[in-house]
1. Please give the number of the condition residue 13 fails out of (1) in contact with a helix residue (DSSP H, G or I) (Cβ under 9 Å, 6 or more places away or on another chain); (2) in a strand (DSSP E or B).
2. Looking for something in a strand (DSSP E or B), surrounded by 16 or more Cβ atoms within 10 Å (Cβ to Cβ) and over 13 Å from the mean Cα position of the chain (by Cα) - is there at least one such residue anywhere in the stretch 23-31?
């Protein structure tokens, strides 16, 4: 079974849109309609893009896979056991970049005396958890 087949079987709402291209519902967020684009390159590398903004690491973590699973052509002995600290920090910074905006918007509403609705409060809690996860990834 190819790496692409292993990935696709773990996703929901998968449909092929072209040769070596699929879309599916993103497992990293509550996706009502497919926002995840999947492409297999000629060397077997798998490219992921979530139009809702989830990172490849978040998508793969949600289905029990790792970034190295996207690169089946890389020899096993050359694959690192886990991402380098630099790579983990880079992912953490991307998460922080997005999530700090959510915290900022929520804090501006609260300072202005506007209470957060249930959806906004829930999204703020997701941001807090992602920020904590980013911090944990760097330690």
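Values quoted throughout were computed directly from the atomic coordinates according to the rules given, and no laboratory measurement underlies them. None of these values were measured; they are calculated from a predicted model. Reconstructed Cβ throughout: ideal geometry from the backbone, glycine too, with neighbour counts over all protein chains shown.
1. Going through (1) in contact with a helix residue (DSSP H, G or I) (Cβ under 9 Å, 6 or more places away or on another chain); (2) in a strand (DSSP E or B) one by one, residue 13 breaks only (1).
2. Going through the stretch 23-31, the residues in a strand (DSSP E or B) turn out to be 23-25.
Next, only the ones that are surrounded by 16 or more Cβ atoms within 10 Å (Cβ to Cβ) stay: 23-25.
Right, trim to over 13 Å from the mean Cα position of the chain (by Cα) and you get 23-24.
There is at least one residue in the stretch 23-31 that is in a strand (DSSP E or B), surrounded by 16 or more Cβ atoms within 10 Å (Cβ to Cβ) and over 13 Å from the mean Cα position of the chain (by Cα).
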